Amino acid sequence: MDEVVAALRACAEPTRLRILALAARGAFNVTEFTEILGQSQPRLSRHLRLLCEAGVLERLREGANAWFGLPPEDAPGHRLVRAVLDQLPAEDQVLSSDRRQAARVLAERARAATETFRRTGAEWDEMRALGLPAQAVEQALLGLLPESGVGRMLDIGTGTGRLLELLAPRISAGMGVDASRTMLALARARLARADLSHCAVRLADMYRLPLADASFDLVVLQMVLHHAEDPASALAEAARVLRPGGRLVVIDLAPHSNEECLHRLAHRWPGFAEERMRALLRTAGAEPLASVTVPGAMEVRLWPGERLATPAPLDMALVLP
């Protein structure tokens, strides 16, 4: 009871309620909260600290920045803060003004991230860079999943967050992880909509996910594994956070001879043969299901698998090329 009282006290202050209402729309850093709310950084930092200590706000460190969003869906603080926010009138003038200021800040965030990519020449949209049929791949993925009730989703190597946006109507909560802070800036800008408030992103290494065992119902790796130095370990970590019976979907290139991928786009592997991917899935602890092929300039394949209760021991003889 003491924890509930402490959480309610943390919420019971106008500025902190405004912070929580913004965090329900996506993660923000201290500088952005300062711009939106028009208050000093020391004062806002104190409010943020109190909310985090009460468990109704989550702080995620990314290099020099810290991002603040609502706690995960399964955390007690998430249910409490949602119940509090449900009582706020949508037409409140102060909250409406905050939303307008937040939209301006998010637009600037997306512009800055896009300009960074333009200056460095990074190929952030790999599907476009390779001329792949992105829409057909998305339709194939949707065809592998039920139309609703998918549960909690993890998108490893989320990039711009497109898959979270695509699958948002079918999932209860979505988490995207990526090793690029600039990618995450683009993803946060994409996900800053009221209908995507159940989706979030965070900085993470796909070999060491800061996530609990068996905490997701669906894990997707799209155009990620061909960059992995150790695909077997990446899939084993993906399977670790997947509940038994959950779905693991790998979307990647079939074997090809495109030298540009290996040199300009730094691919570690020239696609994956059917037999090798099935062996990788089995070794990770997932039973392979029927794959789906999407034809195009380069063939894309979707490999779904179902998480087994007891994973098989790692056999590198099966998974090495």
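The values are calculated or read from the model by the stated rules, or taken from the named source; none is laboratory data. This structure is a prediction, so every number in the text was calculated from the model and none was measured. Cβ placement follows ideal geometry from the backbone for every residue including glycine, while neighbour counts extend to all protein chains displayed.
Please verify whether residue 233 is more than 25 Å from residue 65 (Cα to Cα), surrounded by fewer than 21 Cβ atoms within 10 Å (Cβ to Cβ) and among the hydroxyl-bearing types (Ser, Thr, Tyr), treating the condition exactly as stated.
Yes.
State the number of residues belonging to the range 42-61 that are of a type outside the set (A, V, I, L, M, F, W, C) and at pLDDT below 90.
1
Please give the number of the condition residue 306 fails out of (1) closer than 30 Å to residue 131 by Cβ; (2) surrounded by 14 or more Cβ atoms within 10 Å (Cβ to Cβ).
Only one criterion is unmet by residue 306, namely (1).
Which of the residues spanning the range 225-273 are aliphatic (A, V, I, L, M), out of contact with any Lys or Arg (no Cβ under 9 Å at 6 or more places or on another chain) and farther than 21 Å from residue 295 by Cβ?
232, 234, 235, 236, 238, 241, 266
Restricting attention to the range 177-192, which residues are closer than 26 Å to residue 231 by Cβ, among the aliphatic types (A, V, I, L, M) and part of a helix (DSSP H, G or I)?
Of everything in the range 177-192, those that are closer than 26 Å to residue 231 by Cβ, among the aliphatic types (A, V, I, L, M) and part of a helix (DSSP H, G or I) turn out to be 183, 184, 186, 187.
Tally time: how many residues in the range 179-200 are among the aliphatic types (A, V, I, L, M), within 21 Å of residue 149 (Cα to Cα) and in contact with a strand residue (DSSP E or B) (Cβ under 9 Å, 6 or more places away or on another chain)?
Of the residues in that region, 3 qualify.
Could you identify the single residue in 159, 149 that is in a loop (DSSP other than H, G, I, E, B), on the phi > 0 side of the Ramachandran plot and under 10 Å from the mean Cα position of the chain (by Cα)?
Exactly one of 159, 149 is in a loop (DSSP other than H, G, I, E, B), on the phi > 0 side of the Ramachandran plot and under 10 Å from the mean Cα position of the chain (by Cα), namely 159.
Which pairs do you get when a residue that is in a strand (DSSP E or B), found in the range 53-71, comes within reach of a residue that is at pLDDT below 85, reach meaning Cβ atoms under 6 angstrom, with the pair 6+ apart or on two chains?
Cβ pairs passing all conditions: 62/181.
Give the number of residues within the range 169-195 that are aliphatic (A, V, I, L, M) and under 20 Å from residue 103 (Cα atoms).
9
Working only within the range 259-278, note down all residues that are out of contact with any strand residue (DSSP E or B) (no Cβ under 9 Å at 6 or more places or on another chain) and either surrounded by 16 or more Cβ atoms within 10 Å (Cβ to Cβ) or modelled with pLDDT of 90 or more (or both).
Answer for the range 259-278, where residues must be out of contact with any strand residue (DSSP E or B) (no Cβ under 9 Å at 6 or more places or on another chain) and either surrounded by 16 or more Cβ atoms within 10 Å (Cβ to Cβ) or modelled with pLDDT of 90 or more (or both): 273, 275, 276.
Consider the range 18-52. How many of its residues are without any contact (Cβ under 8 Å) to a residue 12 or more places away in the chain and within 24 Å of the chain's Cα centre (by Cα)?
Number satisfying all stated conditions: 1.
Which members of the range 202-226 meet the condition of being on the phi < 0 side of the Ramachandran plot and free of Cβ contacts under 8 Å to residues at least 60 places away in the same chain?
Correct list: 204, 205, 206, 207, 208, 209, 210, 211, 212, 213, 225, 226.
Name the residue, out of 155, 125, that is modelled with pLDDT of 90 or more and either within 16 Å of residue 251 (Cβ to Cβ) or among the basic types (Lys, Arg) (or both).
Step by step, each of 155, 125 is checked, and only 155 is modelled with pLDDT of 90 or more and either within 16 Å of residue 251 (Cβ to Cβ) or among the basic types (Lys, Arg) (or both).
Looking at (1) touching an Asp or Glu at 6+ places or on another chain (Cβ under 8 Å); (2) within 21 Å of residue 106 (Cβ to Cβ); (3) surrounded by fewer than 18 Cβ atoms within 10 Å (Cβ to Cβ), find the lone condition where residue 180 falls short.
(1)
Hey, can you tell me all the residues within the range 26-58 that are within 13 Å of residue 105 (Cα to Cα) and either touching a Lys or Arg at 6+ places or on another chain (Cβ under 6 Å) or of a type outside the set (S, T, N, Q) (or both)?
The answer is 26, 27, 28, 30, 32, 33, 35, 36, 37, 38.
Residue 286 versus (1) surrounded by 18 or more Cβ atoms within 10 Å (Cβ to Cβ); (2) touching a residue at least 60 places away in the same chain (Cβ under 8 Å); (3) small (Gly, Ala, Ser); (4) over 27 Å from residue 187 (Cα atoms): which is the lone unmet condition?
It fails just one condition, (2).
May I ask you to say which residue of 245, 174 is in contact (Cβ under 8 Å) with a residue 60 or more places away in the chain and in a strand (DSSP E or B)?
From the options 245, 174, the qualifying one is 245.
Anything in the range 239-254 that is within 21 Å of residue 137 (Cβ to Cβ) and in contact with a helix residue (DSSP H, G or I) (Cβ under 7 Å, 6 or more places away or on another chain)? List them, or say none.
248, 249, 250, 251, 252, 253
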